[in-house]
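Quick notes on the structure that follows.
Just so you know, all these numbers are worked out from the coordinates, no wet-lab data involved. For clarity, every value in this text was computed on a predicted model and none was experimentally measured. All Cβ positions, glycine included, derive from the backbone under ideal geometry; neighbour counts span all protein chains shown.
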Amino acid sequence: MPEIAPRLRVSGIRKSFGATAALAGVEFSVAPGEVHALVGENGAGKSTLMKILSGALSPDAGSMELDGRPYAPQDPLEARQAGVVMVHQELAIAPHLTVAQNIVLGAEPTRSGLLRHAAARRAAGEALAQLDRPDIPLDEPAGSLSIAEQQLVEIARALALGCRVLVLDEPTSSLTQADARNLFALVRRLRDQGQSVIYISHFLEEVQALSDRYTVLRDGASVAFGGTAGTNPGELARLMVGRQVDELYARTPRAQGEVLLSVNALAGAKGPVSASLELRRGEVLGIAGLVGAGRSELLRAIFGLDPVRSGSVSVHASAAPGSPGLRWRQGSGFLSEDRKREGLALGLSLESNLTLPGLRPWVRPAALEAETADWIRRLGVRASGPLQAVGLLSGGNQQKIAFGRLLRNGADVLLLDEPTRGVDIGAKQNIYRLIDELACAGKAVLMVSSYLPELMGTCDRIAVMCRGVLGPALPVSEWSEHRIMLAAAGAAA
Amino acid sequence: MSAPTKSLGSRRLLTSFGPLLGLLLVCLLFAALRPATFISRDNFAIILQQTAVIGISALGMTLVIIAGGIDLSVGSIIGLTTVVIALLLQQHRPAWQALLGGVAAASLCGAFSGLLITRLRLLPFVVTLGMMGTLRGVAKGLAGEQPIYPDDTWINGLMSLGKTGLPGGVWLMLGLSAAVALLLRHTRFGRHVFAVGSNELTARLCGVPVERVKLLVYVLGAGFAGIGGVLQFSYLTCGDPTTGVGLELNIIAAVVIGGASLSGGQGTVAGTLVGALIMTVVANGCTKLGLANWVQEIVTGGIIILAVFLDFLRRRGAERD
């Protein structure tokens with residue numbers, strides 16, 4: 001293949017946060033008129049790399065070139081002006097502004113400080129025509145469009161800005177299949193017009209169908225690249241995983257008892273589409289899947305945090321529709337994936353956070369304090385005392401308190417959403433041991449995680465969720481990371 | 001290790017006793033400037049009497065603010081309450097019925113705001129701003145835009161300064177303070193109020209009936225303002241639909257000076273009482289000094305800003321730890 005001068009070249013990029021190396025040497029280049037896929041597991045470093053490309057972060061080492069000239073944006077505005085524009089998974093649309101206003105947002109044509117309305121509409125119209133969607137009304141509020149059309153508006157904005165490298169981050173995760181097909185056609189059209197597109201996706205089939213070349217990121221480094229024609233989704237999945245499970249995990253053989261939680265054809269208002277499962281005493285059931293597949297929404301619907309549309313949930317044989325208060329009383333507990341925003345009231349004390357679900361009408365603060373002091377010791381939390389604000393603890397210690405809340409309030413069914421997110425490796429190991437101990441003590445654990453080795457190492461059974469549908473729960477011995485990856489990406493396992 | 005521990009200790013001391021320290025400073029200042037008239041039994045009784053309306057209403061506001069809300073309608077509720085009491089007395093109802101009727105009307109107003117806030121998910125600031133105007137209008141309409149003077153009853157004695165002892169209204173304030181302090185510290189509801197204000201999502205996750213807690217908090221807040229209205233009636237000895245205009249801001253200021261955070265999850269009864277006292281002492285002292293009303297207003301405003309600024313410094317320090 002003759003070497004064309006690349007539009008964007010990235011070489012030797014490194015970035016560390018504290019002692020953690022998020023990126024440890026990334027190389028790739030994108031030619032004009034190329035769709036370049038960037039694939040990797042959650043945590044492989046894709047988002048850090050995107051932040052560096054878009055100027056939100058500066059690399060510690062390495063260099064970038066745009067059309068042969070050094071490219072080192074100091075902030076996102078500079079990156080946009082240089083022509084590197086990102087369209088994120090969460091769209092950045094101003095819903096009350098019109099489509100035209102959104103398209104020229106930040107680059108409004110002006111004459112001596114006054115907006116040139118006609119020129120703005122013309123520029124917006126041209127951008128939409130370039131996308132072959134002149135039918136989108138320029139004067140409607142952007143918030144009234146469908147998600148797919150809003151995404152088009154964002155892409156049109158990138159074109160109106162004179163974009164040279166368009167970065168699409170998980171663009172199909174919230175689209176229907178028909179909308180996704182239209183998007184693919186559009187991406188090909190842009191490519192044929194000479195645009196460079198960096199395409200980030202978990203869906204390996206999409207990558208296979210759409211991209212010209214690929215780069216695989218793993219543990220912060222680019223570990224493989226090549227032409228997409230010469231590979232297949234299975235090969236890509238293997239390249240993305242490519243590491244071994246070590247002795248971090250604990251799984252003692254244990255006997256399983258009666259069914260504690262049974263979920264039947266559950267559909268929620270925000271997700272899932274359809275999920276059924278049975279969870280037994282002494283069992284750890286893992287739910288794998290991509291971000292946005294509806295895994296958290298499944299746990300939330302079970303716990304009564306999100307509205308349920310149809311289907312049923314029974315905890316301990318009781319099938320009453322649940323509110324979180326009822327679920328706690330039934331003996332289940334929920335660990336939020338977002339500790340800072342939802343899981344803990346950071347301004348309140350350890351004691352308040354630990355005891356909140358199980359308070360009696362009359363509170364004896366002294367007794368609760370003594371009890372909390374006891375839990376601090378049992379959980380090994382490093383804190384100055386029960387009355388310290390929980391926000392002052394480290395992430396790992398905060399997570400112990402969030403976990404302790406489930407234990408303190410007698411939860412038999414533990415719903416854990418990303419239980420090891422944001423904690424260091426030592427704290428992770430503690431959490432794995434704790435999950436193992438709890439299962440051995442006859443609790444039932446339902447655990448969502450994006451980190452496959454963790455699921456493979458701690459669970460008895462694993463079910464994979466793809467686009468809102470929960471697959472069958474199979475014993476962990478029947479899964480491999482590779483197979484989970486394929487099932488999560490919607491490819492036949 | 002000893003240095004940071006010590007600074008944390010002194011900060012906690014400042015948090016708990018900061019408002020009290022401020023009150024002492026203000027008192028010392030006026031005592032030094034006007035020793036003869038400021039330091040006297042009678043003057044202290046007057047200060048406490050003048051604190052009672054704001055103090056009691058501020059107890060309810062403390063609950064609302066800890067739960068992360070705000071109620072701008074309490075000034076109007078106080079005015080409405082005096083009118084309702086006067087009207088009931090005019091119809092020759094017994095005093096206790098008039099009193100309960102006034103407080104019940106106030107609580108109903110709170111229930112209405114609370115329902116709008118929880119059911120329709122409207123912003124508390126906007127809802128209670130609307131209620132502020134609406135209830136003031138209702139009070140004026142009920143009273144025919146005139147103060148209503150009913151016959152004397154024992155209610156009028158609640159705020160009278162006798163030869164000995166404090167007015168009944170002051171004892172009522174102290175008793176209610178103890179009750180609210182108990183509610184906040186020793187009941188599940190009190191814990192839930194803090195949880196909702198500190199992080200509503202966490203509260204929901206932990207099974208707290210968030211909507212019910214919010215509704216109750218607005219009912220209680222308005223109910224306490226109603227009791228404040230009873231004392232206001234007693235003080236004025238009439239039902240005045242224009243009384244208490246702007247009082248809600250003094251009430252909120254008392255709570256904030258007392259160390260509560262407008263973003264919720266923080267606040268104490270003792271702090272609120274001290275905050276209310278600071279407001280009255282400043283007004284009283286300025287009068288004793290013969291300062292014009294506009295100077296008082298500047299001083300009070302300055303104290304509010306200072307209190308919030310100190311709170312900001314404290315919080316920033318805590319985040320750095």
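Under a 5 Å amide H cut-off, with hydrogens placed 1.01 Å from N, residue A:98 pairs with A:142 among residues at least 5 apart or on other chains.
When Rg and the Kirkwood Rh are both derived from Cα coordinates, the Rg/Rh ratio for the range A:259-488 amounts to 0.96.
Axis angle, to the nearest 10 degrees, between helix A:425-440 and the longest C-alpha principal axis of chain A: 50 degrees. For the pair residue A:108 and residue A:74, how long in nm is the line joining their label points, each one 7 Å along Cα→Cβ? Here the modelled spin labels are 2.6 nm apart. Between the range A:396-475 and the range A:66-134, what's the alpha-carbon centroid distance in Å? Spelled out, the Cα-based centre of one part sits 44 Å from the other. Remark: relative contact order (the range B:169-226) = 21 percent; criterion is Cα-Cα distance under 8 angstrom and separation of 6 or more residues. Counts of other chain beta carbons within 10 angstrom of each beta carbon in peptide B:203-216 average 5.
Each residue of the range A:298-309 is assigned a 3J(HN,Hα), and the resulting list reads 4, 4, 5, 5, 4, 7, x, 7, 10, x, 9, 8 Hz, derived from the Karplus form 6.51 cos²θ - 1.76 cosθ + 1.60 (θ = phi - 60°), x at Gly and Pro. Along the axis of the charge dipole computed for the range B:51-244 (Cβ charges of +1 for Lys and Arg, -1 for Asp and Glu, origin at the Cα centre), the listed residues B:243, B:156, B:108 are led at the positive end by B:108. Remark: relative contact order (chain A) = 15 percent; criterion is Cα-Cα distance under 8 angstrom and separation of 6 or more residues. Nearest 0.05, what FRET efficiency do residue A:270 and residue B:104 give at R0 = 41 Å with Cβ-Cβ as r? Step by step, r from the Cβ atoms, then E = 0.50. Each residue of the range A:244-339 gets 128 Å³ once the volume of the Cα convex hull is shared out per residue.
Percent of alpha carbon pairs in chain A separated by more than 42 Å? Tail fraction, whole percent: 26. Our summary gives the range A:1-157 a relative contact order of 19 percent, counting only alpha carbon pairs under 8 angstrom and 6 or more residues apart. Take each residue of peptide A:344-353, count the partner chain Cβ atoms within 10 Å of its Cβ, and average: the result is 6. Across the range A:88-105, coupling constants 3J(HN,Hα) worked out from phi with the 6.51/-1.76/1.60 Karplus curve, θ = phi - 60°, read 7, 4, 8, 5, 10, 10, 8, x, 8, 7, 6, 4, 4, 4, 5, 5, 8, 3 Hz, and Gly and Pro carry x.
Sorted largest first, the spans of the alpha carbon positions of chain B along the three principal axes are 70, 56, 34 Å.
Remark: chain A carries a charge dipole of roughly 760 debye about the Cα centre, counting +1 on each Lys and Arg Cβ and -1 on each Asp and Glu Cβ. Between residue A:382 and residue B:24, the modelled labels are 3.7 nm apart [label points 7 Å from Cα along Cα→Cβ].
Look at the stretch A:356-368: the mean tally of other chain Cβ atoms within 10 Å of its residues' Cβ atoms is 4.
Computed from backbone phi with θ = phi - 60° and the Karplus coefficients 6.51, -1.76 and 1.60, the 3J(HN,Hα) list for the range B:144-157 is x, 6, 10, x, 10, 9, x, 5, 5, 9, 5, 4, 4, x Hz; x is used for glycine and proline. Percent of Cα-Cα pairs more than 21 Å apart in the range A:8-241, please. Tail of P(r) above 21 Å: 56 percent of Cα pairs. The packing ranking, built from the mean of other Cβ atoms within 10 Å per residue, places the peptides A:354-366, A:59-71 in the order A:354-366, A:59-71, highest first. Potential lengthening of the chain between residue A:181 and residue A:362 amounts to 59.2 nm, from the contour at 0.36 nm per residue minus the alpha-carbon distance. When the pairs A:340/B:214; A:443/B:214; A:340/A:428; A:51/A:400; A:51/A:340; A:270/A:340 are compared against a 24 Å limit on Cα-Cα distance, A:443/B:214; A:51/A:400 fall above it.
Peptide packing for A:194-201, A:205-212, A:346-353 was compared via the average number of neighbouring C-beta atoms within 10 Å per residue; ordered from the highest value, the list is A:346-353, A:194-201, A:205-212. Show log10 I(q)/I(0) for the range B:189-231 at q = 0.15, 0.16, 0.21, 0.31 Å⁻¹, two decimals, from a solvent-free Debye sum over equal Cα scatterers. Debye curve over Cα of the range B:189-231, log10 I(q)/I(0) at q = 0.15, 0.16, 0.21, 0.31 Å⁻¹: -0.40, -0.44, -0.63, -0.99.
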